[in-house]
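Enquirer: After the C-alpha cells below, expect a handful of questions from me.
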Amino acid sequence: MAYSDPRPSRGRIKTALLASSVLTVAGPALAQVDEITVTAQKRAESLQDVPISITAFGTDKLEELEVSAFDDYSKFIPSLSFQSTGPNSTTVYFRGVVSGGDGNHSASLPSVGVYLDEQPVTTILGFLPMHIYDIERVEGIAGPQGTLYGASAQSGVLRIITNKPNPGEFAAGYDLEVNAVQHGEIGYQFEGFVNQPVAENAAIRLVGYYKKEAGYIDNELSGRIFPGTIDPDFPGLTPIMKDNSALVENNFNDIETYGARVALRVDLNESWTATASALGQKSEANGVNVFDPDMGDLNVARFEPDFNEDKFGQAALTLEGKVGNFDLVYAGSYLRRQIDSNTDYTDYAYYYDVLYQSFGPSYNFASYFYDNLYNNIDPTQFYQGDDSYGKYSNEIRLSDREGRFRFVLGFFQNHQRHDIQQRYIIRNLNDGLEVPGWSDTIWLTKQRRLDRDLALFTEIEYDLTDRLTFIGGVRGYRYNNSLYGFNGYGAGFSGSTGEAACFAPAIIQDTPCTNLDSTIKNTGETHKIGLTYDLDDSKMVYATYSTGFRPGGANRRTPLPPYLEDKLVNYELGFKSAWADNTFVLNGAAFYQVWNDFQFPILSLNGLTEVQNAASARIYGFEADMTWAPTDRFTLNGAMSIIDAELSKNFCGFNVNGKPFTACPAAVDDPATLGDETAPPEAPKGQPLPVVPTFKGTLTARYEFPVGAMTGHVQGSVSGQDAAPSNLLVADQAIIGDQEGYVLTDFSVGLRQDNWKLVAYVNNAFDERPDLISFVACPIGTCGITGPGGNNGIYQGTAQPRTVGLRFGYDF
C-alpha cells in the first residue's frame, strides 16, 4: 500500500521531462500532460510538488524509448554523466562531481546512490546492471540527498521502482524483439510477466527475461615484438614476438543476460501490507566493448582471452502500516554479487618494455622474467578476477504527513563485505618469482573490504503560511571501514614490497602473510534547509541548502594513511511550473556546489591505485526540462544542463607521506633564466573536472494518429553533449585529450490496437562514434606513449553502432 500526502493538491500538472506520454483529452484538440507520482522523498507525491530536481520515466515512457538498460535512459537525464571501461563496470556521476579514476575495488565508494525499490544496491563494483522490464518508474534525483539517503548519495540518487503485485486483477504479457547492429551481429530478447492474485488480499508477480546483445568489435590480427628482447646490450635474450592469431574473431564482444524476479504482496489488514521479493540476474560478456582508434573503426588487438561473468541476487522485505496516527515503514534486504573475469594485460608488459628501453642501454624490462631454466620468457600478463560481494541493510521510518507540521524520522544500518582476489599471471614463470602458493602468479591481490555505517535521520516540513513552507533535515552518521589482507609480489621478485612488506601472519586464507590491515572510522552530520513558495496553483519556487558526503577508506599501499571523507555543499534555486491549461510544463534549477578536499584516485607509477584527499572544486550549473502537449496527438519533451566544474585552487601533487602539497615545490633551477623557478601545479586552479560536458541536451518528439481501428505513431529523439576533458591532471590530459562532443539520433514507428503493439526502431541512426571514454590499461605516462609500431595504448569506448530493430508486445 502507498501513502500519499493528504494535503490539498495545488493542482499542478504532475510531470516533468519524459515522465509519461499518456495524454488525457480535455477537448477535441486540447490535451493535458498526465500526472506522475514519485517517491524521491520516501513518500508518494506528485513530481510537481517535490522541491528537488528530478527526471522521472514512467512505464509508458520507458517503453516508448525502448529502454532495457542503463545506457538507454542515461542519455535523457540532463545532469548525469558516466564512465564505463567494459561490460558491467559503469560508474555514475551527477552534476559534475567527479575527479576521475573511480570504480577500483580498493578505492573510493561511489558518489551516487542506487536504489531498487526501498533497498540500496550501491556497490563498489560499479553500477548494478539491472535489466529494465516491467518497471513502474526510474527516478534520477540530482544534487546531494544526504539527509534521507546518506552515504554515497553525495551528488545524487538513481532509483528503479518495480511494478508491484496487484491483488485486484490478473495480468500478463510478453515482448519479443530482434535487432541487427551495423558492422555486427543479430541481437534479440524475450521478456514476460504474470500478475496472479492468490487470494482476495494477496498476489504474486513473476518476471523473466533473456537478452542477447550483438557483438560489433573485431579482434584483429596483430603482433608485437618486445623491444627489450632484441636489445644488443642484452645478447642472451631470445627475441619475443606476441601473436594473437589464435584469438582473431569478428564481433567478439557479445553479451548474454538472463534473469527473473518474483514478488509476493499481502494486505495483512486495512492498515498493514507486506511485500517480499527476490531477484536473480546473470550476464556473460565476451571480449571488450572498446576499440583502438590506431587500428581502425571498431577494431582492437587483444592477446589473451577477455570475458566477464556477473551474477547477483537480492532478497528484500518491506512492511508498511499505521501505528496510531503515524505511518511506519520497514525495509530490509540482502544482496550478493559475484564477478569472475579474465582480462588481457599485454599492454602493461609491452609499454613498460618500451619505457625501459627509453632510459638507456642498461635498462631492460623483459630481462626480469625467466623460467625455471633461467631462459627469458614472454613477459605478457593477464589477470583473473574473483570478486565476491555481500550487502545487507535495514531501515525503519516513522512519519506523519497530516497537518501543518509533518515529519519523517528514521534509522538506517548498512553492512558491505567485498572479498577481492586478482591474480596477475605470466605463463612459465620461475617458481622463485611467484607469489608463494600461486602458480605463475607475479602479483596477487587477496583482500577483504568491509564498509559499515549507521545513521539516524529526520526531515520536517512546516507550513508557515498557505503558500510558504519551511523544510529542514539532519542526518547523524557513523561509519567504520576496513581493508586487510595481502597484495603484491612474492619475496623472490621484490625485496621491498608484497611479501617482503608483511608484518603479520596470514589473516586471509591462501595468502602468504599480511601486509595490509587498516581501518578508518568517523562520525558526522549532513544537513538540509529549504523554503518552498507557491506562486499560484500551478507554479512553485524553492531554495535549498543541502550537504552530502562520501565515507573515508583505507589505502592498500600501507605506507599511505587512510583517505578521509569528502563533503559536498549545495546551494540551489529551482522552480516547477505549468502553463497554458496544463499543456506546457517547465521545470528548472540553478545550483552552486563546493566540493572540499575531494577524494582523488590516481594510478601510481607501479600501476597501483591510491586515494588521497586532494584539492577543492567549485561547480556552477543550471538544468531544465520541459513537456509540451499542444494536442492529444503530439508531445514534445526536452531537457538540458549547463555545468561549469573546475578546481578552485592549485593541486600540486602529493608528498612522500601521501598528503597534498600546500604549495607547489621548487623546480630545478635553470641557469639560463633569471630568478627562481617553481614547479607548475599538476592541475592548476581553474582546471576543468573530467568527464563532465559543459552542455548536455535532449529533445524527443512523438506524434500519434489513427490507422483504421489502430493507433500509429512516429517518434524522433536527439541527444548529445559537447566535449569533456578526460583527465584532471595536465600531463595526463595532454596525452589522452578531450572526449569529443557528439549527437545521437533515434527514430521509431509503430502500431498498437487493444492488447498488442508492433514497433520498428533505429537507434544511433547516423552510425556515430561518440567518445564515451578514453583510457589506458596502466599509468597514462607509460601506456599512453607511442611504441615502435607507431601505436599507443589508448582505447576508446563508444555507443553501439546503428541498430535497427523490431519489437512485438502482447498483454493478456
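The values are calculated or read from the model by the stated rules, or taken from the named source; none is laboratory data. If you're wondering where the values come from, they're calculated on a predicted model, not measured in any experiment. All Cβ positions, even for glycine, are placed from backbone atoms using ideal geometry, and neighbour counts span all protein chains on display.
Enquirer: In the range 717-742, how many are assigned to a strand (DSSP E or B), buried (at least 20 other Cβ atoms within 10 Å of the Cβ) and hydrophobic (A, V, I, L, M, F, W, C)?
Expert: Within the range 717-742, residues that are assigned to a strand (DSSP E or B), buried (at least 20 other Cβ atoms within 10 Å of the Cβ) and hydrophobic (A, V, I, L, M, F, W, C) number 1.
Enquirer: Against the conditions (1) under 26 Å from E623 (Cβ atoms); (2) modelled with pLDDT of 95 or more, where does Q753 fall short? Just the number, please.
Expert: The number of the failed condition is (1).
Enquirer: Additional query: Looking at the structure I just gave you, is F412 within 19 Å of T147 (Cα to Cα), at pLDDT 95 or above and over 32 Å from the mean Cα position of the chain (by Cα)? Let's see the steps before the verdict.
Expert: Numbers: within 19 Å of T147 (Cα to Cα): yes; at pLDDT 95 or above: yes; over 32 Å from the mean Cα position of the chain (by Cα): no.
When the stated conditions are applied, F412 does not pass them.
Enquirer: Another one. Taking N201, is it of a type in the set (S, T, N, Q), on the phi < 0 side of the Ramachandran plot and buried (at least 17 other Cβ atoms within 10 Å of the Cβ)? Step through it out loud before you land on a result.
Expert: On the way: of a type in the set (S, T, N, Q): yes; on the phi < 0 side of the Ramachandran plot: yes; buried (at least 17 other Cβ atoms within 10 Å of the Cβ): no.
Considered against the rule, which asks whether it is of a type in the set (S, T, N, Q), on the phi < 0 side of the Ramachandran plot and buried (at least 17 other Cβ atoms within 10 Å of the Cβ), N201 comes out as no.
Enquirer: Sticking with this structure for a sec: Could you go through the range 352-373 and let me know if any residue there is farther than 30 Å from V776 by Cα and either surrounded by fewer than 17 Cβ atoms within 10 Å (Cβ to Cβ) or out of contact with any helix residue (DSSP H, G or I) (no Cβ under 6 Å at 6 or more places or on another chain) (or both).
Expert: First, pick out the residues of the range 352-373 that are farther than 30 Å from V776 by Cα: 372-373.
If we keep only those that are either surrounded by fewer than 17 Cβ atoms within 10 Å (Cβ to Cβ) or out of contact with any helix residue (DSSP H, G or I) (no Cβ under 6 Å at 6 or more places or on another chain) (or both) too, we end up with 372-373.
Scanning the range 352-373, I find at least one residue that is farther than 30 Å from V776 by Cα and either surrounded by fewer than 17 Cβ atoms within 10 Å (Cβ to Cβ) or out of contact with any helix residue (DSSP H, G or I) (no Cβ under 6 Å at 6 or more places or on another chain) (or both), so the answer is yes.
Enquirer: Which of the residues belonging to the range 280-305 are under 18 Å from E256 (Cα atoms) and more than 20 Å from the chain's Cα centre (by Cα)? Explain how you work it out, then say what you get.
Expert: The first filter runs over the range 280-305 and keeps only residues under 18 Å from E256 (Cα atoms), leaving 280-290, 305.
Selection gives N286, G287, P305.
Enquirer: Using the structure shown, decide if S106 is among the hydroxyl-bearing types (S, T, Y) and either touching a helix residue (DSSP H, G or I) at 6+ places or on another chain (Cβ under 7 Å) or under 28 Å from Y571 (Cα atoms) (or both). Walk me through how you get there before you give the answer.
Expert: Numbers: among the hydroxyl-bearing types (S, T, Y): yes; either touching a helix residue (DSSP H, G or I) at 6+ places or on another chain (Cβ under 7 Å) or under 28 Å from Y571 (Cα atoms) (or both): no.
Answer is no for this residue.
Enquirer: Ok, one more. When you go through (1) surrounded by 15 or more Cβ atoms within 10 Å (Cβ to Cβ); (2) over 32 Å from the mean Cα position of the chain (by Cα) one by one for A543, which number turns out not to apply?
Expert: (2)
Enquirer: Right, T745: more than 32 Å from the chain's Cα centre (by Cα) and within 30 Å of D625 (Cα to Cα) or not? Give the steps one after another, and end with the answer.
Expert: Details: more than 32 Å from the chain's Cα centre (by Cα): no; within 30 Å of D625 (Cα to Cα): yes.
No, not satisfied.
Enquirer: So, one more: Would the range 123-135 turn up any residue that is of a type outside the set (V, I, T), on the phi > 0 side of the Ramachandran plot, touching a strand residue (DSSP E or B) at 6+ places or on another chain (Cβ under 8 Å) and in a strand (DSSP E or B)?
Expert: Just the residues of the range 123-135 that are of a type outside the set (V, I, T), to begin with: 125-131, 133-134.
With the extra rule that they be on the phi > 0 side of the Ramachandran plot, the set shrinks to 126, 134.
The next check asks that each one be touching a strand residue (DSSP E or B) at 6+ places or on another chain (Cβ under 8 Å); those that pass are 126, 134.
Now drop any that are not in a strand (DSSP E or B), which leaves none.
Checked the range 123-135: no residue is of a type outside the set (V, I, T), on the phi > 0 side of the Ramachandran plot, touching a strand residue (DSSP E or B) at 6+ places or on another chain (Cβ under 8 Å) and in a strand (DSSP E or B).
Enquirer: Turning to a different aspect of this structure: Hey, Y795 hits all of (1) modelled with pLDDT under 90; (2) among the hydroxyl-bearing types (S, T, Y); (3) surrounded by 20 or more Cβ atoms within 10 Å (Cβ to Cβ) but one; which does it fall short on?
Expert: (1)
Enquirer: Let me ask another. Mind listing whichever residues of the range 306-319 are surrounded by fewer than 21 Cβ atoms within 10 Å (Cβ to Cβ) and of a type in the set (D, E, K, R)?
Expert: From the range 306-319, those surrounded by fewer than 21 Cβ atoms within 10 Å (Cβ to Cβ) are 307, 309, 311, 313, 315, 317, 319; that's our starting set.
E309, K311 - these are the residues of the range 306-319 that are surrounded by fewer than 21 Cβ atoms within 10 Å (Cβ to Cβ) and of a type in the set (D, E, K, R).
Enquirer: Of everything in the range 441-495, what is outside any strand (DSSP E or B) and surrounded by fewer than 22 Cβ atoms within 10 Å (Cβ to Cβ)? Give them in sequence order.
Expert: Hits for the range 441-495 are L464, T465, D466, R467, A491, G492, F493, S494, G495.
Enquirer: Turning to a different aspect of this structure: Among the β-branched types (V, I, T), in contact (Cβ under 8 Å) with a residue 12 or more places away in the chain and either crowded, with 20+ Cβ neighbours inside 10 Å or part of a helix (DSSP H, G or I) (or both): which single residue out of T782, T745 fits that description? Steps first, answer last, please.
Expert: Working: T745 fails: either crowded, with 20+ Cβ neighbours inside 10 Å or part of a helix (DSSP H, G or I) (or both).
The conditions single out T782.
Enquirer: Among the residues in the range 602-610, are any crowded, with 21+ Cβ neighbours inside 10 Å and under 24 Å from N522 (Cβ atoms)?
Expert: Yes.
Enquirer: Same structure, new question: Considering the range 748-772 alone, what residues qualify as being surrounded by 20 or more Cβ atoms within 10 Å (Cβ to Cβ) and among the β-branched types (V, I, T)?
Expert: V759
Enquirer: Has the range 366-386 got at least one residue that is charged (D, E, K, R), in contact (Cβ under 8 Å) with a residue 12 or more places away in the chain and within 17 Å of R427 (Cα to Cα)?
Expert: Among the residues of the range 366-386, at least one is charged (D, E, K, R), in contact (Cβ under 8 Å) with a residue 12 or more places away in the chain and within 17 Å of R427 (Cα to Cα), which makes the answer yes.
Enquirer: Then there's this: Would you check which residues across the range 272-305 are part of a loop (DSSP other than H, G, I, E, B) and either at pLDDT 95 or above or surrounded by 15 or more Cβ atoms within 10 Å (Cβ to Cβ) (or both) and list them?
Expert: Step one: of the range 272-305, the residues part of a loop (DSSP other than H, G, I, E, B) are 272, 287-289, 292, 296-298, 301-305.
Of everything in the range 272-305, those that are part of a loop (DSSP other than H, G, I, E, B) and either at pLDDT 95 or above or surrounded by 15 or more Cβ atoms within 10 Å (Cβ to Cβ) (or both) turn out to be W272, G287, V288, N289, D292, D297, L298, A301, R302, F303, E304, P305.
Enquirer: Residues T698, T711, T694: which one is touching a strand residue (DSSP E or B) at 6+ places or on another chain (Cβ under 8 Å) and over 23 Å from G96 (Cβ atoms)?
Expert: On the way: T698 fails: over 23 Å from G96 (Cβ atoms); T694 fails: over 23 Å from G96 (Cβ atoms).
Of T698, T711, T694, the one residue that is touching a strand residue (DSSP E or B) at 6+ places or on another chain (Cβ under 8 Å) and over 23 Å from G96 (Cβ atoms) is T711.
Enquirer: Scan the range 214-226 and report the pairs whose first residue is in contact (Cβ under 8 Å) with a residue 24 or more places away in the chain and whose second residue is of a type in the set (K, R), with Cβ atoms within less than 6 Å and a gap of 6+ or a chain change.
Expert: Going by the 6 Å Cβ cut-off, the qualifying pairs are N219/R302; R224/K242.
Enquirer: Moving on. Mind listing just one residue for me: the one in the range 173-198 that is among the small types (G, A, S) and within 27 Å of Y115 (Cβ to Cβ) and, of those, surrounded by the fewest Cβ atoms within 10 Å (Cβ to Cβ)?
Expert: Applying the first criterion (among the small types (G, A, S)) to the range 173-198 yields 173, 180, 184, 187, 192.
Filter once more, so that each one left must be within 27 Å of Y115 (Cβ to Cβ): 173, 192.
Numbers: G173: 16, G192: 18.
Per the criteria, the residue is G173.
Enquirer: Please go through the range 623-640 and give me each residue that is buried (at least 21 other Cβ atoms within 10 Å of the Cβ) and among the polar types (S, T, N, Q), ordered by number.
Expert: Within the range 623-640, T627, T635, N637 qualify.
Enquirer: Sort through E169, E136, E118 and tell me the only one that's more than 14 Å from the chain's Cα centre (by Cα), without any contact (Cβ under 8 Å) to a residue 60 or more places away in the chain and more than 19 Å from Y571 (Cα to Cα).
Expert: Just a single option satisfies the conditions, and that option is E169.
Enquirer: Right, K567: farther than 27 Å from A580 by Cβ and either in contact with a Phe, Trp or Tyr (Cβ under 6 Å, 6 or more places away or on another chain) or among the acidic types (D, E) (or both) or not? Spell out how you get there, then give the answer.
Expert: On the way: farther than 27 Å from A580 by Cβ: yes; either in contact with a Phe, Trp or Tyr (Cβ under 6 Å, 6 or more places away or on another chain) or among the acidic types (D, E) (or both): yes.
Yes, satisfied.
Enquirer: Take the residues in the range 187-242 that are polar (S, T, N, Q) and part of a strand (DSSP E or B), then tell me which one is nearest to the chain's Cα centre (by Cα).
Expert: Step one: list which residues in the range 187-242 are polar (S, T, N, Q), which gives 189, 195-196, 201, 219, 222, 229, 238.
Okay, now just the ones that are also part of a strand (DSSP E or B), so 189, 195-196, 219.
Working: Q189: 24, N195: 31, Q196: 34, N219: 27 Å.
Checked the range 187-242; the qualifying residue nearest to the chain's Cα centre (by Cα) is Q189.
Enquirer: On the basis of being within 28 Å of G737 (Cα to Cα), modelled with pLDDT of 95 or more, surrounded by fewer than 18 Cβ atoms within 10 Å (Cβ to Cβ) and aliphatic (A, V, I, L, M), does V714 make the cut? Walk me through it before giving the result.
Expert: On the way: within 28 Å of G737 (Cα to Cα): no; modelled with pLDDT of 95 or more: yes; surrounded by fewer than 18 Cβ atoms within 10 Å (Cβ to Cβ): yes; aliphatic (A, V, I, L, M): yes.
For V714, the condition - within 28 Å of G737 (Cα to Cα), modelled with pLDDT of 95 or more, surrounded by fewer than 18 Cβ atoms within 10 Å (Cβ to Cβ) and aliphatic (A, V, I, L, M) - is not met.
Enquirer: In the range 360-403, what residues are among the aromatic types (F, W, Y) and closer than 30 Å to I460 by Cβ?
Expert: From the range 360-403, those among the aromatic types (F, W, Y) are 363, 365, 368-370, 374, 382-383, 389, 392; that's our starting set.
Correct list: Y392 only.
Enquirer: Restricting to the range 139-161, and then to whatever is hydrophobic (A, V, I, L, M, F, W, C) and over 17 Å from S79 (Cβ atoms), can you tell me which residue is surrounded by the most Cβ atoms within 10 Å (Cβ to Cβ)?
Expert: Within the range 139-161, the subset hydrophobic (A, V, I, L, M, F, W, C) is 141-142, 148, 151, 153, 157-158, 160-161.
After this cut, where a residue has to be over 17 Å from S79 (Cβ atoms) as well, the list is 148, 151, 160-161.
On the way: L148: 22, A151: 25, I160: 20, I161: 20.
The selected residue is A151.
Enquirer: While we're here: May I ask you to say which residue of R261, R265 is part of a strand (DSSP E or B), touching a Leu at 6+ places or on another chain (Cβ under 6 Å) and buried (at least 20 other Cβ atoms within 10 Å of the Cβ)? Reasoning before the result, please.
Expert: Details: R265 fails: touching a Leu at 6+ places or on another chain (Cβ under 6 Å).
Matching residue, one of R261, R265: R261.
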